[in-house]
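Notes for the one structure printed next.
The values are calculated or read from the model by the stated rules, or taken from the named source; none is laboratory data. Computed from a predicted structure; not experimentally measured. Using ideal geometry, Cβ is built from the backbone for each residue, glycine included, and neighbour counts are taken over all protein chains shown.
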Amino acid sequence: MKLLFASDLDQTLIYSRRSMGSEVEEDELKEVERVEGKPQSFMTEKSQAALWSLGESTVFLPVTTRTQAQYERVTGIYEGEEPPQFAVTSNGAVILENGVPIREWSDRIRKQCVSRKTIIQELMPEVERHFSEDWVLRVREADDWFVYLIIDRERFPEENLGFYTETFRKIGWEMSLQGRKLYLMPESITKAGAMEYVKERIQADYVIAAGDSLLDRCLLESADVGILPAHGEAARSDIPMPEHIEITEKQGIKAGEEILERLAEVSCQFDK
Ligand SMILES: [Mg+2]
């Protein structure tokens, strides 16, 4: 029997100083990512130890919206030199196998995006039409797959979020607001789709998924057990929650610990 642990990284397993919350002591922290020489993301020592010592029957699959290059900076989620065999990056547009993107998978996603006209060139005029306001600080493209806006949260008209979400969904783009980033994601690029591919490849019998944002919703829905950190965008949304999705009691970096404790409970049954 094989258990697949498909998990988002940022604000699920790893945390920046801004997002970790106040319940953690400095000496509990382990640095897991460095950007331009500075520590950027952390786990607690307890979480890291749990993640490094998963049972033999458990396969860890990082499933992140980070691009491949951004993902490769996160070296503290595995022990030693060997990253997980598979990783999902760019929100599901890319699957890495031993560090190399699976061409056939990304080609398939690209074809879907082109045929549904959900490509960045088609999106940009709409972004300019709706988001000309002063709260958009920068517009970033992620490896030609999707777009995210760096926004000024103070000035962002939160009350219009529902309207924006509906407007962009009509033209095939899903929206997710995470801190200062507002993501616009083609409907064909999903974490669930990529996870299903890996599940099939490794012949997993059971899936536990974790993730904090609306982009993780589909991943949790297609798992056998889904875990939502209580602090996340998805836990706060009013979309009804299926029964197999649990919400953590703790928030911030301690929610990460709770997820890995829950995983350990299930995973030890698979090793019996
Ligand atoms: Mg996240």
From the options ASP271, ASP238, residue that is surrounded by fewer than 21 Cβ atoms within 10 Å (Cβ to Cβ) and either free of Cβ contacts under 8 Å to residues at least 24 places away in the same chain or in contact with a Phe, Trp or Tyr (Cβ under 8 Å, 6 or more places away or on another chain) (or both): ASP238
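Here is a check on your reading of the model: is PRO186 in contact (Cβ under 8 Å) with a residue 40 or more places away in the chain and more than 13 Å from the ligand (Cβ to nearest atom)?
yes
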Condition broken by GLY232, with the remaining ones in (1) in contact with a Lys or Arg (Cβ under 9 Å, 6 or more places away or on another chain); (2) within 15 Å of the ligand (Cβ to nearest atom); (3) at pLDDT below 95 satisfied: (1)
Of those in the stretch 25-65 that are part of a loop (DSSP other than H, G, I, E, B) and among the polar types (S, T, N, Q), the residue farthest from LEU263 (Cα to Cα) is THR65
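Which one is farthest from the ligand (Cβ to nearest atom), of the residues in the stretch 66-101 that are part of a loop (DSSP other than H, G, I, E, B) and among the small types (Gly, Ala, Ser)?
Going residue by residue through the stretch 66-101, those that are part of a loop (DSSP other than H, G, I, E, B) are 66-67, 73, 75-85, 93, 98-99.
Remaining after also requiring among the small types (Gly, Ala, Ser): 76, 80, 93, 99.
Working: GLY76: 16, GLY80: 25, ALA93: 16, GLY99: 22 Å.
Among those that are part of a loop (DSSP other than H, G, I, E, B) and among the small types (Gly, Ala, Ser), it is GLY80.
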Complete set of residues in the stretch 221-252 that are under 15 Å from the mean Cα position of the chain (by Cα) and not in a loop (DSSP other than H, G, I, E, B): GLU221, GLY226, ILE227, LEU228, GLU233, ALA234, ALA235
Selection over the stretch 177-212 where residues are out of contact with any Cys (no Cβ under 6 Å at 6 or more places or on another chain), hydroxyl-bearing (Ser, Thr, Tyr) and within 19 Å of VAL94 (Cα to Cα) yields a count of 2
Answer yes or no as to whether LEU177 is part of a strand (DSSP E or B), modelled with pLDDT under 95, buried (at least 18 other Cβ atoms within 10 Å of the Cβ) and not acidic (Asp, Glu). yes
With (1) surrounded by 12 or more Cβ atoms within 10 Å (Cβ to Cβ); (2) over 27 Å from LEU260 (Cα atoms) as the list, and GLU128 as the residue in question, which single condition is left unmet? (1)
Of everything in the stretch 190-220, what is within 15 Å of the ligand (Cβ to nearest atom), in contact with an Asp or Glu (Cβ under 8 Å, 6 or more places away or on another chain) and outside any helix (DSSP H, G or I)? Give them in sequence order. ALA209, ALA210, GLY211, ASP212, SER213
Give me a count of the residues in the stretch 145-174 that are farther than 18 Å from GLU233 by Cβ and under 18 Å from the mean Cα position of the chain (by Cα). 1
Being under 25 Å from the mean Cα position of the chain (by Cα) and assigned to a helix (DSSP H, G or I) is the filter here; which residues of the stretch 108-121 pass it? ARG108, ILE109, ARG110, LYS111, GLN112, CYS113, VAL114, ILE120, GLN121
Looking only at residues that are farther than 25 Å from GLN85 by Cα and of a type in the set (A, V, I, L, M, F, W, C) in the stretch 1-53, which one is surrounded by the most Cβ atoms within 10 Å (Cβ to Cβ)? MET20
Restricting the search to the stretch 122-133, which residues are of a type outside the set (S, T, N, Q) and assigned to a loop (DSSP other than H, G, I, E, B)? PHE131, GLU133
Can you tell me which residue in the stretch 241-258 is nearest to the ligand (Cβ to nearest atom), limited to those that are buried (at least 16 other Cβ atoms within 10 Å of the Cβ) and farther than 25 Å from VAL32 by Cβ? ILE245
Note: among PRO62, PRO101, PRO125, just one is farther than 16 Å from MET185 by Cβ and outside the structural domain of ALA223 (by TED's automatic domain parsing), namely PRO125
Would you tally the residues in the stretch 20-65 being within 16 Å of the ligand (Cβ to nearest atom), of a type in the set (A, V, I, L, M) and out of contact with any Phe, Trp or Tyr (no Cβ under 8 Å at 6 or more places or on another chain)? 1
